[in-house]
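Everything below concerns the one structure shown next.
The values are calculated or read from the model by the stated rules, or taken from the named source; none is laboratory data. The model shown is predicted, which means the values in this text are computed figures rather than measured ones. FYI the Cβ positions are ideal-geometry reconstructions off the backbone, even for glycines, and counts take in every protein chain you see. Surface accessibility is based on the protein's heavy atoms, side chains included, excluding ligands, DNA and RNA. Shrake-Rupley method; radii C 1.70, N 1.55, O 1.52, S 1.80 Å.
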Amino acid sequence: PSDIQYLNVLVVDDCADSRVIMQKMLESFGFRVKSVSSGEESLHMLGKNLERGKPFDLVMMDWLMPGLDGIEASRRIRKDLKLTTPIIMMTAFGKVNEKMEAERAGVNGFLTKPVYQSTLFNAIMNTFGKQGIRGAEEEKYIAAKVPVYEERLKGLRILVVEDNPVNQEIAKAILEKAEIIVDVANNGEEAVEAVRQTYFDAVLMDVQMPKMDGYEATRTIRKDPKFNFLPIIAMTAHAMKGDEEKCLEAGMNAYVSKPVSQERLFRTLWELVKPGKRRETVESATVEKPGEEVERVIMEAEELPLRLPGINIQDALKSLNISNDIFKRILMGFLKNNRDTGVKIRDALERKDWDAMLHLAHSLKGSAGNIGAKKLYKNAQNLETAGRNAKNGLPTSLEGISDLIDKVEAGLNEVLDSLESLVKIKDKELYEKEEKIKLSAEPAQILAALKRLAGALDVADPQEIKNHMDVLKGDLSGAIFQELENLVNTYDYDEAVETLKGIMEKIKAAAAEKGDENENR
């Protein structure tokens, strides 16, 4: 990835052959590499480069070395030099208790010797919050590990802090599948208040949010000593060089990039939420499951294609490991929440409101990545980078940003059209199944109930809408009611009103036809 090209890397190993091999592999990635033969030399080199204004971006540290070993050297890098530079430890062992000791010393990742080029690449990508390259065997291994983590995490209560509704739904789906209790906060202010009011085993904190961002929220939470040991895990789609250091400096414990890797998220939670630190009552906690009425409105799994223009549904489902039904609900949420995103981005450019553009591009990037819209993700990422450059006063072409917005709008429209097609396919299938509407009550009675529902939708009164939907549930045939309920549950009230008009026309037509039949008799 462009933001981690040309890293300055320091290799620390007492074995000359190992240093040469490691240096050659790192240089093949395009990195600039220096190497030293001891922990003491590493401290000197890191301090010297820091003074010259050319700090190292990554340290590859051998574990067992004479004199200052890798753990002690890492500890002193953190404590004496006060550096947050990522450290990857190379070891021939890898016992759990030894890894825990290394993590406490400030080590970010591990590599088991002998080190191969592919595993080195993946370790570096993982350290900087990127997705590495996995072979079939590794995919199987990771897939086998996820249920183990899920079993160990069952009953935890976690606060998800995220302003993007699509990302909220995805986080909830992933965590609730592991029988984790999930609360949601929409911004940093809500997160601070939620932590003060409720016990949580961990917090998943988005970094970029309005009102109060993740950094400020974390610093505010940490001001209270009783939250010193509350695990706070950063979640961000930014993943630029130096982001992890910023998260750690703010008081966060770890960093998980978006799109979320379930294996990494669960592993991070498992490492941070130790059994001894969990409250006594978690085992008896119950997880709220989606209600039957919500599940009913989602299209059947076989109706979900593997791919649509702009969306690789198969890859997204594989990555998220959630059911087709839940993913369909997430896709419908993306459709609802992004119909006017392109207009908002264009408006931000006209006003030169770089903060608004950054937030919109960042949010769209995260959502697109999670649903498998890779092209849209990349275009939104490029726009976010350009907007950040403009905000920071770097030379930026407004025409160039406008071109990037054109690409984002084209990609977004492609995705939205694909999602609209799913809805249209569903509508068509529903009405093909029921060419003639079937009613279990008198048409006049149902028409009156539909008008009352239309009034509740018009003023967006959730309780009244629910009351009128409950009345209609037994009067309308299943497929027709299901279509209406789907729109209500995704808060698409305008579309629900239009659908109501169509239903009322069909009822009037059915009543008229019934009247003609009676006259003929």
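Side notes on the structure shown:
- Subset of the stretch 319-347 [over 17 Å from the mean Cα position of the chain (by Cα) and touching a residue at least 60 places away in the same chain (Cβ under 8 Å)]: 336, 339, 341, 342, 345, 346
- Restricting the stretch 90-111 to residues that are of a type in the set (S, T, N, Q) and modelled with pLDDT of 80 or more, the residue that is least open to solvent (accessible area, probe 1.4 Å): 91
- Residue list for the stretch 192-222, restricted to those being hydrophobic (A, V, I, L, M, F, W, C) and closer than 17 Å to residue 359 by Cβ: 205, 207, 209, 212, 217
- Only residues that are more than 23 Å from residue 116 (Cβ to Cβ), in contact with a Lys or Arg (Cβ under 7 Å, 6 or more places away or on another chain) and free of Cβ contacts under 8 Å to residues at least 40 places away in the same chain were counted across the stretch 2-61, and they come to 2.
- Test: residue in the stretch 133-148 that is among the hydroxyl-bearing types (Ser, Thr, Tyr), more than 22 Å from residue 253 (Cα to Cα), modelled with pLDDT under 85 and part of a helix (DSSP H, G or I): yes
- Condition check for residue 437: over 24 Å from the mean Cα position of the chain (by Cα) and either modelled with pLDDT under 75 or basic (Lys, Arg) (or both): yes
- Contact map, the stretch 348-373: first residue without any contact (Cβ under 8 Å) to a residue 40 or more places away in the chain, second residue of a type in the set (Gly, Ala, Ser) and open to solvent by 10 Å² or more (accessible area, probe 1.4 Å), Cβ cut-off under 7 Å, separation 6 or more or different chains; pairs are 348/356; 354/390.
- When residues of the stretch 461-507 are limited to those that are outside any helix (DSSP H, G or I) and open to solvent by 50 Å² or more (accessible area, probe 1.4 Å), the one modelled with the lowest pLDDT: 491
- For the stretch 357-367, the candidate set comprises residues that are at pLDDT 90 or above and either under 17 Å from residue 317 (Cα atoms) or more than 12 Å from the chain's Cα centre (by Cα) (or both); within that set, the residue that is most open to solvent (accessible area, probe 1.4 Å) is 360.
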